[in-house]
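The values are calculated or read from the model by the stated rules, or taken from the named source; none is laboratory data. Given the structure is predicted, the values throughout are model-derived calculations rather than measurements. Because the Cβ atoms are built from the backbone with ideal geometry, glycine has one as well, and the counts that use them run over all protein chains shown.
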Amino acid sequence: MHKASFYDPEVNRSYGVMAEHYRVGILPARPYRPKDKAKVEVGVRIAQYYILGRLRHLKFFSLAECNAAIAEILPQLNGRVMRRIGMSRQQMFDTIERPAMQNLPEQDYEYAEWKIARVGIDYHVKVGDFFYSVPHKLLREQVDTRQTERTVEIFHRGQRVAAHPRRFAGKRHETLPDHMPSAHRRYAAWNPQRFQIEARAIGPNTEALVRCIMSERRHPEQGFRTCVGVLRLFRKLDAQRAEDIAAYALEIGAMNYPSIASIAEHRLERKTARHPDSAPILHANIRGSQYYH
C-alpha cells in the first residue's frame, strides 16, 4: 500500500487530497488485473444478496423505513461466521481494524476540484465559466487551480499565487488591481494599440468592433482573449464578409467571441448586411418614412 499524494498519477487529485486529509492510504486496482477489482465487488455482492434476499417480500413507503429495515439486518450479516476464516466480519473488525483506526481530523474535509490551466495573454485563468487574474509575470505559465464551494485558488509550482471569491453570475472577469500594474502595457507584447492596428488592416467595422470589445470591459486587457479569437476568425474569411460580420455584431451588441463566431457560422450577417454604395430600393408599394408624418 502506498500513500496517496497530490501528484500521484494513479489517483485522481481531488481523491488524493481527501486521502491526505484523513491520513489514509489508497491502493488503486491495477489496469488489466481483474482480480484486484473482484476482491471489492465480491464483498458488495454478498451484502447486496444477503439484504435483498430478506427484504424481497416487503414493501416500503419511505426511504427511512427502508433504511431502518436494513439497519436491523446488518448485525446479522456481520455476525455470521465465515466458514473459510472461522471468524465473523464483526470479530475481524474488532480485532484487526479497530485498533488501527485513528481519530478524525479536527477540521472537516472540504471538497475541492483541481485542474491544470494555462495563464492567458490577459493574465487571467479560466475556471469554469469565469476568468480569474494572477500576477502578470505568469503570462503563458501552467498553473494548478483549486475550486471549492466559495473560493478559487491558483497555484504555481506548489505556491499559491492568487485567491478569489468564486463567481456564479455577473461579470466574467475577477481581477485584482495588484495583478495588473500600469507598467504592464509598456513591456507586454499585447496591448490595445496592437489589436486596433491589426483590425484596421481588415476594415473600419472590424476596428470599431475591437475598440468596443475592449471599451466595455473594466480593464482593456480583459478583452484581449476575445480580440485574439475574433481576429483569428476574420483572417480566415474574405475581408468584405468579415466587415459585414463586424457591422452586424456592432448592430446587435455582440461583444464576445461565441456570439461573433455564431454569426459567422450561421451567416447571419447576410440578413442585415448593408453596403453604402448600394442604391435604395424604389417601388410603388413602399410608402417611405414621410408617410407617417
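Data table
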read-out: Strands (runs of 3 or more DSSP E) (entirely within the range 76-188) containing at least 1 residues that are among the polar types (S, T, N, Q), outside the structural domain of S14 (by TED's automatic domain parsing) and loosely packed, with under 10 Cβ neighbours inside 10 Å; value: 159-165
read-out: Residue match in the range 141-152 (condition: closer than 21 Å to G229 by Cβ and without any contact (Cβ under 8 Å) to a residue 24 or more places away in the chain); value: yes
read-out: Residues within the range 11-55 that are touching a residue at least 60 places away in the same chain (Cβ under 8 Å) and on the phi > 0 side of the Ramachandran plot, tallied; value: 1
read-out: Hey, R54 in the same structural domain as V24 (by TED's automatic domain parsing), part of a helix (DSSP H, G or I) and among the charged types (D, E, K, R) or not; value: yes
read-out: Residue list for the range 157-180, restricted to those being modelled with pLDDT of 90 or more and touching a Pro at 6+ places or on another chain (Cβ under 9 Å); value: V161, A162
read-out: Residue in the range 39-57 that is among the hydroxyl-bearing types (S, T, Y), within 25 Å of T145 (Cβ to Cβ) and surrounded by fewer than 13 Cβ atoms within 10 Å (Cβ to Cβ) present; value: no
read-out: Checking E113 against (1) without any contact (Cβ under 8 Å) to a residue 24 or more places away in the chain; (2) touching a strand residue (DSSP E or B) at 6+ places or on another chain (Cβ under 6 Å); (3) of a type in the set (D, E, K, R), the condition it does not meet; value: (1)
read-out: Test for I263: is it out of contact with any His (no Cβ under 6 Å at 6 or more places or on another chain), over 20 Å from K126 (Cα atoms), free of Cβ contacts under 8 Å to residues at least 24 places away in the same chain and part of a helix (DSSP H, G or I); value: yes
read-out: Any chance R194 is closer than 23 Å to P258 by Cα, surrounded by 11 or more Cβ atoms within 10 Å (Cβ to Cβ) and under 14 Å from the mean Cα position of the chain (by Cα); value: no
